[in-house]
Every structure is written in structure tokens, then in C-alpha cells.
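Input: a single structure, listed below in C-alpha cells.
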Amino acid sequence: MNKPMLKMLGVTSAVSLLAVSAVQAQDPVRLTIVSWGGAYTQSQVRAYHEPYAEANPHITIVNDDGSANALAGLRAQSQAGNVTWDLVDMLPSDAQLACDEGIIMPIDHDAMLAPAPDGTPASQDFLPGSLGECFIPQIVYSTVVTFNTEMFPEDNQPSSIADFFNVDDFPGRRAIQNRPGGNLEWALFADGVHPDDIYDVLETPEGVDRAFAKLDTIKDNLVFWTEGAQSPQLLADQEVAFSTGYNGRIFDAAEVEGQPFAIIWDGQIVEWDGWVIPYGPNQEAVLEYVYWATDTQRLADQAKFISYGPARASSAPLVGEHADLGIDMNSHMPTNPDNYFSPIVLDNDFWTDYGDELRERFANWMLR
Amino acid sequence: MTQGDAATDPSMTDHMRDGQMVTADGTPLKASLKRAERRRKIIALLFVAPLLVFLMISFIIPIGQMMFRSVDNPQITSTLPRTLEAMEAWDGQGLPDEPVYAALAADLTIAQENRTVGQLAVRLNYEISAARGALTRTARQVSNMEAPYKEKFLDAHRLWGNPEIFQIIKREGRPLTASYYVSALDRTYDADGNIVLQNENRRIYVDLYIRTLLMSLGITFLTLLLGFPISFLMSSLPMRYANLLMIFVLLPFWTSLLVRTTAWIVLLQQQGVINELLVWAGFISSDNRLGMIHNMTGTIIAMTHILLPFMVLPLYSVMKTIPPSYVRAARSLGANPWVAFWRVYVPQTLPGIGAGAVLVFIISIGYYITPALVGGQSGQMISNLIAYHMQTSLNWGLAAALGTILLVGVLVLYWVYNKLVGADIKLG
């Protein structure tokens, strides 16, 4: 599809929203949208799918919880020549792989995505570094260290990544994920490396040794988790004093279930998550949907249902209260300036280049 | 009966024609027999055909495909044919000359257009870190490059100045590869192409195979230790009590695996039921709670519980058939209770022990959900890493090699076991 035609498509979709009655005569379309399931899919259903289907009665949206194995699924479908997915939610590292393999659509961001309400083109409205060749970001999520406030005296609550690595002053077990991503970054950060230099240091063998040496200092106190749901569980059972975890799940446990958890925003590891478009059966319909579902208001709406930050700068001021709890979501956004003071932006290029080797070394280190 | 015998037997002339036996309707007996035989075979085959087709589709073909994947290596030969040709002149020492870089540029230009560079990059990254970045980034710029290419490549990514990447392309530029097996056995290639031990801090798999083997043996032994007395009791009780006990054995079998595993987490964790009880009773202090989960102990406890029915059922079915009169006879002939049990009763239960042990061992060697949930780092088994390479790292070649090694290992063990225990194994 060429650029002017895509622009036209964007315009028609905007027009069709204004004149809902005009589109009702269209043929019914079923869009299969793949996402992560659980609370995350729920937030997309309420912020995007339901309002869109209401405005476009000919569209039916089918949810598929296949994102955890999205790259494998996309490969298999494209090899079999039978692509059934219309839109897939995935991480930018996997999106770049799929893009290099030519199994998803390259994105012309300014033509295929809505501009901000003030007219800023999409390529400048999305947060810097978030857009990919084939990738449209929706949210910023972060991996954070959390602790159970009941396990530390009130006058000695931890507040930094350095505290997480300080077993003497902050005793107790710590849960980390059973893979190197994030953990090596934190080890270097706690060892005094500036967030901007972390990946330069990690590229050298000495830097990797340094990170593992730092992890060694807390190894006797470590527990490893695999699935995202385990970290709030371990904290709630007081099985561990600290755990790393995804901020959305921690928010759910703390605010919805009332667990005594506090997030350490120091050194939060920030990553994007967003849409990719495979060469599926309903490409026109899905492009219209994406144009609408990634506009400024829609991205801000998603934050009413889950504590992940919208990927557009223009959405930030529109973030309001949680739809069910009525609490102000701004203070829970990873991108809130109060939280975003020392972020480590996950470098996917680094992990695709060095991941194989470092994962082996990390597995070896865990087994020892 | 052979043709020669029939021809020399004069008493059978009624049913003979041209020196051959015939049936009443005149067809040669041999052909008729053959036809009947063939019909029987076809009918027999038709009976098993659905199962055979099912096994072919759901079992044999996938396993064959998996085993093929562990040596399949199409990415380099199909994407870099010109480079491989140009490299034939290269002696493998130092950096290659301009023609190789020019051929590489031509190959990458085509690969970029066909979008095949991604898979090539992923494949090479298994062999050397940073290859993915080097290939994808260079491929994006290559259409703007002009001769001489060598300099441009050296500018584009530092890896193009490292002879190792070319040695790897040359070594792996074949349709089949052993490199997944080399990695799966904690080996690697050195600069001269010899297979050597992997750097100590990257060795994982051999230790894990050994650990998986030892844990499976331990779990098999524990299920036998726990399962033997209960099976004995069940086989000697009247039917209705035995049935009641059987339900207790089978009850956990009917509950979801995840529920059972989670129940063990509740019981065993540091703030869990058992630790709370021990602390309350004063056996341990609150600071020294036992770590019974998220380690090997947790995996062994939970798996022993889950696999117990696989030991109890074959044991019970064998013990049920042992007449009590044998032990009584041994006792009446003067054996003390221990001798009567050990020399008369136990040998008769061997088929059950053999079957139960094989079932439990083979199931536990490939177990993966329970170790993933309660194993922590020391309780992981080899199947957890296979699952990881299937689902997360997507290195299917390595996963296939690890799986094939496991499969071959189990078959070898089963063969040895069968030699030792012999035909006594009675499955079920």
C-alpha cells in the first residue's frame, strides 16, 4: 500500500467515526486480536474493543491470549501460509525480529497513525525511541523492585536499588526473575554505574563479571520467579521481603487487593509494549482500527484500567482516575516525573545481540 | 510342505495337479493359503489402522521432525551462497579479502529484499554474540554501499573485523549441522574447528542431565518406599476397605496438577503450615524456618506425591494375584516372618515393582510443570530448559537436540533395564 492511499484510509476512518450510520451497511468483519490475557487484555477490551465495536457494529473483535508465544505463532502461521491473526500485541524486541523476517507489516507512522489533537504528527507525539520499523507502541510498562512494608521497621524502609543489594541493613530474602534481563542492569546500577552507561559496561566481559560479582553478594538470599503472577504472591505470603515484578501487577495487588506493598521507583526498567500487524485476512479493517485505537484519547483511556503509562506524550495530561477504584492513576504511572527520576530504558538491541550468551551464563550462575 | 514332498507322495494324487496341491475348486493350495493369509493380515491391519494413523500423525512424524530440526541448518547455505563460494579460496586465517566482502554485500542485498536476513542473523547469533546486530544493521545499509566493500563493512560493524564470524560462516555453511548437539553437551568449537569444553561459566546442560537422572531415580525410590506398604495393605484387606484406600490413593490423581502443586506451596513455604507448626511447637526458631520449597527438596516432595499412584497401581494389581498360601507354606516349613517375606513374597512382586519403577522413572525424567513451580533454581530439570528454548528463546534447534539426547538416553536406559529385569516387566 502506498503512502497517499494510506493517508486516505486514515481520513476515511476518521470520517467514518463521525458518520457512524454510514458504515452500518458494511459486511461483517471479525478481527482476531492477540494479547497477553488477564487484566491487560481486559484493559484493552474496555478501553478499545468495546467502544470501537459499538461505533462500528459490523466489526466483531475476538480476543486471543497468545502474546506470550506470539513470535512462534507468527512464524508458524506465515510458514503455513495461513495467517489468522489480524493484530498482535508484542514486545519491541520480538517485533523487530518478526520485522526482519518479513512476517509483519512495516509501519509508516505519520500516515497510518492519528496525529495528536494539536496536530503534532504521530512520529513526534509518541515518546522518543518507542516507535519501531513495524511496531506501534501503546504503553510504557516498567519492571520494578517492590517490598512488603510489614517486613521492615517503619523507620528503616528501603528506598533504592542499592538497598535491595544491601543484605546487612535490609535483611530478608529477595525474589528475582530467572533470567538475566533487568537483573544485570540493576547489579551494575547498584554498583554505581550511571543508567546511561549500563549497556556500554555490559558489552565488555569485565562489565559482565562485575554484574555477576554484585549479584553474588545477595545470592544466598535469592529466590527465583518465572511467571509474572508469582512475584506478588511471594511478597503477599512474606516468603520474600523484596521482589522484582511488573508495575501493573504490583499495582493490582497493592491497590485492588490491599496488600502492604511499596514500589521502589529508583532504577525502574522501562520498556514499551504495543501492536504489530501481520499480513492477516482483514488488513483494511485492522488499519482503520489501529488508527483509532492508538489515538491520544484511547491511549489515555487504557490507563483508567491498568497502571501502565500511555506511549504518547499528548495522552499524559488526559490520564485520570481508575474506572472502578476511583483513585488518581497519575501517581501510579511509570512515566510520572515523580517516578521517572532514574529510569533504565531497556536496550533491546543489546539483548538481541548478547542475550543468547548471557542467558547461558545466567543459567549456569543460578545452578551453581 | 514343500512342492518336492508333495510330488513324491502318491497318496495325495486326488488333490494334485501338475505336481501342486489344489483346493476343491481347483486353485493351487499354496495360492489359496496365501490369499487367506493376506486377507487376515489386511483385516488385522484394518483393526489397528485408526490407531496406527493416529500414532503416525500425532507421535512418529512430530518426533521425526523434531529430531530432524536438531541438525537442520538451511539458513546460511540458502542466504549466503555467493559468500560461501567466494570463501572457498580463503585459508581460514586472518580476515578474508575483498571478493568475500563483495559477495557478502551481494548476498545481503538480496536477503534484505527477501527479508531473509532476520533468520540468518538469529542463526549466527547462536554461534557468536552480536552477530544479529552486525547482520541486520549492515543489511539495512548495504544497498547504499559501493566497492571496495571491505572498508565499508569494517565501518558498519566491528564484528566484520573479527575472523571468527567468517570461520563460523564457513564451518556452518552446510545444510546439516552438529552445532546444536555440540552446545547441548556443553561443548564449543575453538578457532581451529576442534570441539572443546565450553567456558566453565557457561556450562549448564550436562550437569542438568545428571541432576535430572539422579532426581528421577530418587523419586522412583521414594515412591517405591511409600507405595509398597500401602499396596501390600490394600491387597490383604477385604474388598470394601481396599476400595476405600484405593480412593484415597486415586483422589489426588483426579485433582488438577496445578491445584496439587499449589497446595504443596501452601504447606511447605517458609510462612506455610508445616513451618508454622514447627515454630509453634518449639522445634525450630522463627528465624530458622526450613526451606522446603523453591529448591530441590520441594521438587522431590511434590513429584513423589504426584507420581505415587503410578507406583501403587501396578504394585497392587500384581500383589492382588499372589496367593497368601505361599507365605503360609514358607512359614509352616520353618521360615521366620522376615525370610518368608523377603525370599517368597517380594520376588513375586518384582513384575509390579519393575513396571511401577519404569513408569515413575520415565514420567519424572520428562517432568516440567512441577519443577517450574516449586523447583526454585536447584530443583530445575532438563525439560524446563527444553521448554525455555521452545517457548522463550525460540532456539528450536537446541531444544530439539536436548530433547533428542533425552529421548535416546531414556531408550538406552530402558534397554539396559529390560536386560536386567527381563521380560518380567508388566505394564499396568
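The values are calculated or read from the model by the stated rules, or taken from the named source; none is laboratory data. Here the structure is a predicted model, which is why all the values come from computation and not from measurement. Cβ atoms come from the backbone with ideal geometry, glycine included; neighbour counts cover every protein chain shown.
Table for the structure above
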| quantity | calculated |
| --- | --- |
| Members of segment A:221-257 found to be within 11 Å of chain B (Cβ to nearest Cβ) and in a helix (DSSP H, G or I), listed by number | A:230, A:233, A:234, A:236 |
| Any hit, segment B:166-175, residues being among the charged types (D, E, K, R), at pLDDT 90 or above, in a loop (DSSP other than H, G, I, E, B) and under 34 Å from the mean Cα position of the chain (by Cα) | yes |
| Some residue of segment B:210-221 being modelled with pLDDT under 90, in a helix (DSSP H, G or I) and at negative phi | no |
| Some residue of segment A:311-332 being out of contact with any Cys (no Cβ under 8 Å at 6 or more places or on another chain), part of a strand (DSSP E or B) and more than 25 Å from residue A:135 (Cα to Cα) | yes |
| Residue satisfying all of: in segment B:366-382; more than 10 Å from chain A (Cβ to nearest Cβ) and small (Gly, Ala, Ser); surrounded by the most Cβ atoms within 10 Å (Cβ to Cβ) among these | B:379 |
| Extreme residue, surrounded by the most Cβ atoms within 10 Å (Cβ to Cβ), among residues of segment B:122-138 that are hydroxyl-bearing (Ser, Thr, Tyr) and either assigned to a helix (DSSP H, G or I) or in contact (Cβ under 8 Å) with a residue 24 or more places away in the chain (or both) | B:136 |
| Residue that is nearest to the other protein chains (Cβ to nearest Cβ) [pool: residues in segment B:159-171 that are touching a residue at least 24 places away in the same chain (Cβ under 8 Å) and among the charged types (D, E, K, R)] | B:164 |
| Evaluation of residue A:285 against (1) within 26 Å of residue B:390 (Cβ to Cβ); (2) more than 14 Å from every other protein chain (Cβ to nearest Cβ); (3) in a helix (DSSP H, G or I) (one fails), failing number | (1) |
| Test: residue in segment B:86-93 that is out of contact with any Asp or Glu (no Cβ under 9 Å at 6 or more places or on another chain), under 18 Å from residue A:103 (Cα atoms) and of a type in the set (Asp, Glu) | no |
| Out of A:358, A:367, sole residue that is within 14 Å of chain B (Cβ to nearest Cβ), at pLDDT 90 or above and closer than 30 Å to residue B:205 by Cβ | A:358 |
| Subset tally (residues that are free of Cβ contacts under 8 Å to residues at least 24 places away in the same chain and charged (D, E, K, R)) for segment B:140-151 | 2 |
| Candidates B:204, B:219 - the one that is within 18 Å of the chain's Cα centre (by Cα), farther than 13 Å from residue B:315 by Cβ, away from every other protein chain (no Cβ under 14 Å) and crowded, with 20+ Cβ neighbours inside 10 Å | B:219 |
| Cβ pairs under 9 Å, 6+ apart, first in segment B:383-400 and within 8 Å of another protein chain (Cβ to nearest Cβ), second of a type in the set (Val, Ile, Thr) and surrounded by 20 or more Cβ atoms within 10 Å (Cβ to Cβ) | B:385/B:204; B:394/B:122; B:395/B:122 |
| Test result for residue B:405, crowded, with 17+ Cβ neighbours inside 10 Å, in a helix (DSSP H, G or I) and modelled with pLDDT of 90 or more | yes |
| Of all residues making up segment A:317-332, the number that are in contact (Cβ under 8 Å) with a residue 60 or more places away in the chain and either surrounded by 20 or more Cβ atoms within 10 Å (Cβ to Cβ) or of a type in the set (Asp, Glu) (or both) | 1 |
